[in-house]
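One structure below.
The values are calculated or read from the model by the stated rules, or taken from the named source; none is laboratory data. Note that the coordinates shown come from a computational prediction; the quantities given were computed from them, not determined experimentally. Because the Cβ atoms are built from the backbone with ideal geometry, glycine has one as well, and the counts that use them run over all protein chains shown. To get the accessible areas, we keep the full protein, side chains included, count just its heavy atoms, and leave off ligands, DNA and RNA. Shrake-Rupley method; radii C 1.70, N 1.55, O 1.52, S 1.80 Å.
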Amino acid sequence: MYQISWVEDDFELPDGVKKMGHSMPNCGKTYLMYHGTSQANAHAIMCNGFRQSQKGMLGPGVYLSRDLNKASRYPLDLPDSERVVLRVMVNVGNVIAINSQYHPRQYTWHDARYGEVFDTAWCPPNCGMTKSGLEEDCVWDPQRIEVVDCIYPKQRGFPSGYSGYSGYK
């Protein structure tokens, strides 16, 4: 019997790239982010680049997170063993915080007809936008995203003598 874990190998960040934080991404900076997907989709993305999702809680865009735990949950309908997380570098450009449901720019943050144009919409942790309470980013232009590599789930064995019974029903 085994369980799946999502662990990054040691990885040096390129110059000018920032790792996860819980604060709003700084406009114009490049960040290390993650995108959870199926193994088949990961191959297509690596060959052809990202494409915008046409729907989502922030409208069209590429959905990413600076939190590996968030990305490793996707796609929701696949078992861990069929998932992969793409580690990417993202130049976030101009960033808006979408920090509540029904935010006035929730679906229009990239549209000049509604005011300032933003390249990335960021949902802070624990703001009520995601069920998990984890941060999420939506990047309008897939050209802002560069795939670094893939993180595959690792199987970890249970300690010897573990029966899988927790005592709870």
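The table that follows gives values for the structure above.
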read-out: Qualifying residues in the stretch 49-78 (those that are surrounded by fewer than 19 Cβ atoms within 10 Å (Cβ to Cβ) and in contact with a helix residue (DSSP H, G or I) (Cβ under 7 Å, 6 or more places away or on another chain)) - the one nearest to Leu134 (Cα to Cα); value: Gln52
read-out: Verdict on Cys127 being over 17 Å from Cys27 (Cα atoms) and open to solvent by less than 40 Å² (accessible area, probe 1.4 Å); value: yes
read-out: Some residue of the stretch 148-163 being among the small types (Gly, Ala, Ser), open to solvent by less than 70 Å² (accessible area, probe 1.4 Å), under 23 Å from Ser53 (Cβ atoms) and modelled with pLDDT under 90; value: no
read-out: Criterion violated by Leu64 - all others in (1) at pLDDT 90 or above; (2) over 10 Å from the mean Cα position of the chain (by Cα) satisfied; value: (2)
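The rows are residues; the columns are (1) assigned to a strand (DSSP E or B); (2) within 15 Å of Ile45 (Cβ to Cβ); (3) in contact with a Ser or Thr (Cβ under 8 Å, 6 or more places away or on another chain).
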residue: Leu76; (1), (2), (3): no, no, no
residue: Ser81; (1), (2), (3): no, no, no
residue: Val85; (1), (2), (3): yes, yes, yes
residue: Val88; (1), (2), (3): yes, yes, no
residue: Arg105; (1), (2), (3): no, no, no
residue: Glu116; (1), (2), (3): no, no, no
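Conditions tested, residue by residue: (1) β-branched (Val, Ile, Thr); (2) farther than 20 Å from Leu76 by Cβ; (3) modelled with pLDDT of 95 or more.
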position: Val92; (1), (2), (3): yes, yes, yes
position: Tyr102; (1), (2), (3): no, yes, no
position: Thr108; (1), (2), (3): yes, yes, yes
position: Asp111; (1), (2), (3): no, yes, yes
position: Tyr114; (1), (2), (3): no, yes, yes
position: Cys123; (1), (2), (3): no, no, no
